[in-house]
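Inspection log for the structure reproduced underneath, given as structure tokens.
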Amino acid sequence: MHCPASFSRRSLFALALSAGLVLSATGCGKGAAEEALAAAGAAFDQAKPDIEKYVPADLKAINSDLSKARAAFDKGDYKGALAAGQKLVPRIQAAWEAARKKKDELAAAFASLQTSVPALLDSLKKKLGQLAKSESLPAGLDQATVEAAQANLESVGKSWADAVSKFDSGDVTTAMAQANELKTQVEEMAKAFLPATSGKK
């Protein structure tokens, strides 16, 4: 029985299948262990970017176990290295799927914010513009406060545009964290300025 062929150009799903074939390659000894580790290494390289971004705890654990498997191989423990390599590929596959699921969840949440946050920004911009032109401000407000709020709103708007740019470039995690912070800021401003228009047109 000969050992499986090279895994370097196969998809992660194909790598998982190939790793299964290694299970039956018991007569290959060192070669079987080498192929199992090659499968795990190739799968890890392919999945690493997504795992690192969205499920970093899994990345650390998998990387550690892969290093241990390679160390076992280097010490001549081919049976141990083979067993470890065979277990790693499905673990990497599961982590990759978890990462993609997390990415999809973040994308959906960001899409929701792309509707709510710009709408609040527009409402605040209009309200603050009206207040800036008003000759009589509500109690507790003065022109300095309104001007400061306008400047802050402009800064928030630029930060929001930056968050959208990061999201569009693929940095979903950072974009989402930034968007959530901005959402909180915008909502606080809305509490301070938009209730004054309640019931009015």
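Residues in segment 185-197 that are surrounded by 15 or more Cβ atoms within 10 Å (Cβ to Cβ), touching a residue at least 60 places away in the same chain (Cβ under 8 Å) and of a type outside the set (Val, Ile, Thr): 5 in all.
Determine whether segment 172-184 contains at least one residue that is of a type outside the set (S, T, N, Q), farther than 15 Å from Pro118 by Cβ, within 20 Å of the chain's Cα centre (by Cα) and surrounded by 18 or more Cβ atoms within 10 Å (Cβ to Cβ). Yes, the conditions are met somewhere in segment 172-184. Screening segment 85-113 for residues that are free of Cβ contacts under 8 Å to residues at least 40 places away in the same chain and among the aliphatic types (A, V, I, L, M) and picking the one that is surrounded by the most Cβ atoms within 10 Å (Cβ to Cβ) gives Ala94. On inspection, Val146 fails the criterion of being at pLDDT 95 or above and assigned to a helix (DSSP H, G or I).
The rows are residues; the columns are (1) among the small types (Gly, Ala, Ser); (2) more than 17 Å from the chain's Cα centre (by Cα); (3) in a helix (DSSP H, G or I); (4) under 19 Å from Phe44 (Cα atoms).
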{"site": "Gly76", "(1), (2), (3), (4)": "yes, yes, no, no"}
{"site": "Lys79", "(1), (2), (3), (4)": "no, yes, yes, no"}
{"site": "Ala84", "(1), (2), (3), (4)": "yes, yes, yes, yes"}
{"site": "Val89", "(1), (2), (3), (4)": "no, yes, yes, yes"}
{"site": "Ala95", "(1), (2), (3), (4)": "yes, no, yes, yes"}
{"site": "Ala108", "(1), (2), (3), (4)": "yes, no, yes, no"}
{"site": "Ser116", "(1), (2), (3), (4)": "yes, yes, yes, no"}
{"site": "Lys125", "(1), (2), (3), (4)": "no, yes, yes, no"}
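Yes or no, residue by residue, for (1) among the hydrophobic types (A, V, I, L, M, F, W, C); (2) under 18 Å from Ala132 (Cα atoms):
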| position | (1), (2) |
| --- | --- |
| Val146 | yes, yes |
| Asn152 | no, yes |
| Val164 | yes, no |
| Val172 | yes, no |
| Ala177 | yes, no |
| Glu181 | no, no |
| Thr184 | no, no |
| Glu187 | no, no |
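The values are calculated or read from the model by the stated rules, or taken from the named source; none is laboratory data. Small disclaimer: the values here were computed from a predicted structure and weren't measured. All Cβ positions, even for glycine, are placed from backbone atoms using ideal geometry, and neighbour counts span all protein chains on display.
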